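After the structure tokens below, expect a handful of questions from me.
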Amino acid sequence: MPTQYGGFTLDPFQEQAIAAVDRGHSVIVAAPTGAGKTLIAEYAIEQAMQRGRQIVYTAPIKALSNQKFRDFSAKYPDRIGILTGDVTINYNAPCLIMTTEIFRNTLLEDPDRLASVDYAIFDEFHYIHDIERGTVWEESVIFAPERISFLCLSATMPNLAELAGWMREIRQAPVEMVLEESRPVPLTHALWADGYGPHSLESLERLMHDLARGQHIPRKPHLGSEALLDHIAAAGRLPVLYFCFNRRLCEQRAEANARRPLLTPDEAARVGALFDDLCERFDVAHESSAIVMGELVRRGVAFHHAGILPTLKEVVERLFTSGLVKMLFTTETFALGVNMPAQTVVLDSIEKFHGTHFGYLRAREYQQMAGRAGRRGMDTRGYVYARVDTEEVTLDGVKRVVAGRPERIESQFNLSYATILSLYSRWGGRLFDACERSFAAYQNRLRQRGHKGSALAPSLRKQVERRLKVLQTLGYLGKRGITEKGEFALRFAGYELQTTELFFAGLFHELNPHGINVLANAMVHEARKGEHDRHVPRQLLSHVRRRALRVVRNIYQLERRFQVADPVRKLEFSLATAVNAWSRGADFADLASHTVAAEGDMIRSLRMTIQILREMRRATDDDVLRRRLREAEAAINRGPVDAERQLRAGCEEPDGSGQTVDGSGREAIVLVPRPSSSSSNPSPEEKP
């Protein structure tokens, strides 16, 4: 058993996990953020390559998949591929990086594609608890061929043994557990009581007790967020990751702290030159948002959230790793997987909006963000500060967040329509076996043994039965199995009912490429609060829009009739004029006159539109429509929307010689040729 790998002396938990990989067993590794789980994944990748076998690396979000592609490509030139909804590069590579959704879809649609895969790595495996995406992880474990073993990398989970027991039962194979609770860089946790300064949990308890008894303790209004950062800077604890739970607050905090003397003149010149070079590489130097960010970074400050351009987010991430950005104000998504620690982490609050209600952070969320404190090999200790308002929180609530055990992993199993169709095409009525193999059913059986049984498993079956009724009513299932409509629908990784009904109603066939883009975007776009539905010009889709709204409304009403949970979303045309303008050749900066949506939200929505267009093109055999769909994609897959272009730019370093090299100085990876995106755009006066 190796005691060293990659130039590092292995920690005991790494040795244990690597030994399990050598045995060919599945293994779940639960360890704190920053403990060194990725090293185990790198070992598994190297072993697979040496055996001439393919290995799959899955991640829950595209940003994390892209980061791993860049990181691994630098280490293994030419041998890494990536397959997400946005990008396909080098897809026959020995190591193929995918989003978990793509992996699940491949298992259902084309399992032979994975014939040479012995191992699949699941990064951030605790994501199985995620209410929206968790079911994809369960389905991947259930449907993967028995010959595939899993290396699951996770944050600490209290019911790790339960999850491993479920995997052993359904995989009929060994599943080892490796638990590590200590961190290589220990953390010091503190609470910053607004108006009262720094406290331990014990001293905060005394303070709140005294305040509750009416004792007069003067509150000093100036002891807020800026005073906390003064305290951190004076103690020499920069750089700091400052987590906010509101995009606008990230920007406000960054602007408020841009006057600090954080950089020397030399550092300011260096970070400015690096910023300008990165913006040039990623082609965002001319964007107004990049100009604003440039002013901040030259003062050692930046912000990062999903509303900014994806390319600008990547520029900020690279600047932060340089050590020249001393204060980064960001939303919590920065804590997910992205390996960019700081000496100090601050949480602006221990409460946030959870989508439906405002409440305390979960202990797991706190630990995920806190885990970004302490840089291995650089800091002897990391520091974590959580701001609390003594007038708004309870002591029990504070304790539960900052000192509580992380929450149990609970099943989020919920078969989509496309998955049901795929299973029905192969198994017929046996598709209900999938429900019995779910983690939900396993947890239910355990509870029944402990006389705490619930209606969980029966409710899963009932939900599938209800969705089957919808599919039968819409004509996706017939007496002989799946119909033509059903075959079409199972090709889609989301929005399958909306796409299929609109397609078979002939609506896409009636539109030119720009109209197709507008209609496809209406299926996928999710308007944020405050992104009001601007008036859509009457000529934009005209009667097609009215018919499309009616088609999707009929699906929604049918689901309500059969009491299906989580019915399909209705069409959202709030981005319609912006999509139409972009499709017809407008500059990205001009889109602000058509929508109040944030730049990052527009990019994400347009990339999802492209994914739908590609899936529809693969699903239809109508050559005329396929040509129109290809033209539609080419019209919007340009500039900052082009995800493949961004990823390639991130993998290449100009060295002044015309040759591109990766960050280590080696020749850059060889990538498969990208499809041509050239097309002629009709004049803006043409109507879709």
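Where a number appears in this text, it was derived from the coordinates with a stated rule and is not lab data. Not measured: the values here are computed from a predicted model. Positions of Cβ are backbone-derived with ideal geometry, glycine not excepted, and every protein chain shown enters the neighbour counts.
Can you show me the helix-derived [θ] at 222 nm for the chain, built from DSSP H runs with n ≥ 4 at -39,500 (n - 2.57) apiece and divided by the number of residues, rounded to the nearest 500.
Helix contribution divided over all residues of the chain: -13500 deg cm²/dmol.
Sticking with this one: Given Ala268, Ile232, Ile217, which one lies farthest toward the positive end of the charge dipole of the range 177-276, if we put +1 on the Cβ of every Lys and Arg and -1 on the Cβ of every Asp and Glu?
The residue sitting farthest along the positive end of the dipole is Ile217.
Please say if the range 4-179 is rounded, prolate or oblate, where rounded means a/c under 1.5 for a ≥ b ≥ c the square roots of the C-alpha gyration tensor eigenvalues, and otherwise the choice is prolate for a/b larger than b/c and oblate otherwise?
Details: a/c = 1.34, a/b = 1.07, b/c = 1.26.
Note, shape of the range 4-179 comes out rounded.
Considering all alpha-carbon pairs of the range 126-234, what whole percent are spaced by more than 24 angstrom?
Percentage above 24 Å: 55.
Would you please give the residues with an amide H less than 5 Å from that of Leu309, counting only those at least 5 places away or on a separate chain, with H modeled from the backbone geometry?
Gly600
I need two numbers for the range 422-471: Rg to one decimal and Dmax as a whole number, Cα atoms only, in Å.
Final numbers for Rg and Dmax: 12.2, 37 Å.
What list of ³J(HN,Hα) values in whole Hz, one per residue of the range 463-470 in order, does the Karplus curve 6.51 cos²θ - 1.76 cosθ + 1.60 (θ = phi - 60°) give from phi, with Gly and Pro shown as x?
Result, ordered by residue: 5, 5, 4, 5, 5, 4, 4, 4 Hz.
Applying the Karplus parametrisation 6.51 cos²θ - 1.76 cosθ + 1.60 with θ = phi - 60° to the phi angles of the range 317-329, what ³J(HN,Hα) value in whole Hz is obtained for each residue in order, glycine and proline being reported as x?
4, 5, 5, 5, 5, 6, x, 8, 9, 8, 9, 10, 9
Taking N as the number of residues in the chain, what is its Cα Rg relative to 2.2 N^0.38 Å? Present the calculation step by step, with values, prior to reporting the outcome.
Working: Rg = 26.0 Å, N = 688, 2.2 N^0.38 = 26.3 Å.
Taking the Cα Rg and dividing by 2.2 N^0.38 Å, one obtains 0.99.
Hey, can you rank 632-642, 386-396 by average C-beta count inside 10 Å, highest first?
Result, highest mean first: 632-642, 386-396.
Now, a different point. Tell me which lysines have Cα within less than 18 Å of Lys37's Cα, excluding those fewer than 8 residues away on the same chain?
Filter leaves Lys68, Lys75.
Now for a separate question. Restricting the count to DSSP beta bridges whose residues both fall in the chain, what percent are antiparallel, rounded to a multiple of 5?
Working: 15 of 66 bridges.
Antiparallel: roughly 25 percent of the beta bridges in the chain.
Let me ask you something else. Between Arg569 and Ala269, what FRET efficiency follows from the Cβ-Cβ distance if R0 is 41 Å, with the result rounded to 0.05?
Working from the Cβ atoms, E equals 0.25.
Ok, one more. For a 19 Å ceiling on Cα separation, which of these pairs sit above it: Lys352/Lys529; Lys313/Lys352; Lys462/Lys485?
The pairs that break the limit, which is 19 Å between Cα atoms, are Lys313/Lys352; Lys462/Lys485.
What size of dipole, in debye to the nearest 20, comes out for the range 422-471 about its Cα centre when the only charges are +1 on Lys and Arg C-beta atoms and -1 on Asp and Glu C-beta atoms?
Here the range 422-471 has a charge dipole of around 100 debye.
Rounded, prolate or oblate, given the Cα gyration tensor of the range 531-634, with a/c below 1.5 counting as rounded? Walk me through the numbers before you get to the answer.
Numbers: a/c = 1.73, a/b = 1.21, b/c = 1.43.
Oblate, since a/c reaches 1.5 and b/c is not below a/b.
Follow-up question, since we're still on this one. Apply the a/c threshold of 1.5 to the C-alpha gyration tensor of the range 15-66 and tell me whether it is rounded, prolate or oblate. If you can, show how the numbers build up before the last one.
Numbers: a/c = 2.07, a/b = 1.15, b/c = 1.79.
In terms of gyration-tensor shape, oblate.
Same structure, new question: Among Thr356, Thr100, Ser154, whose Cα projects farthest towards the positive end of the dipole of the chain, with charges put on the beta-carbon of Lys, Arg (+1) and Asp, Glu (-1)?
Looking along the dipole axis, the top candidate is Thr356.
Sticking with this structure for a sec: Loop-only trypsin sites (Lys or Arg not before Pro) in the range 213-298, please: DSSP not H, G, I, E or B, and at most 14 other Cβ atoms within 10 Å.
Arg213, Arg219, Arg259
Quick one: compute the contact order of the chain, relative version, from alpha carbon pairs under 8 angstrom and 6+ residues apart, as a percent.
Reported relative contact order: 14 percent.
Rounding to the nearest 20 debye, state how big the charge dipole of the range 187-402 is about its Cα centre with +1 on each Lys and Arg Cβ and -1 on each Asp and Glu Cβ.
460
With only Lys, Arg, Asp and Glu charged, each at its Cβ (+1 for the first two, -1 for the last two), find how big the charge dipole of the chain is about the Cα centre; round to the nearest 20 debye.
1960
Amide H of Thr390: which non-local residues (sequence gap of 5 or more, or other chain) have their own amide H closer than 5 Å, using H built in the peptide plane?
HN-HN under 5 Å from Thr390: Asp194.
Once R0 is set to 51 Å, what does the formula 1/(1 + (r/R0)^6) return for the Cβ-Cβ distance between Glu181 and Tyr556, expressed as a FRET efficiency to the nearest 0.05?
It comes out at approximately 0.65.
Residue by residue through the range 246-260, which ³J(HN,Hα) values in whole Hz follow from phi under the Karplus form 6.51 cos²θ - 1.76 cosθ + 1.60 (θ = phi - 60°), with glycine and proline marked x?
These are the phi-based 3J(HN,Hα) values: 7, 4, 4, 5, 4, 5, 5, 5, 4, 5, 5, 9, 6, 8, 6 Hz.
Once the piece of chain linking Asp389 and Glu407 is laid out straight, how much longer is it, given 0.36 nm per residue of separation minus the C-alpha distance between them?
4.1 nm
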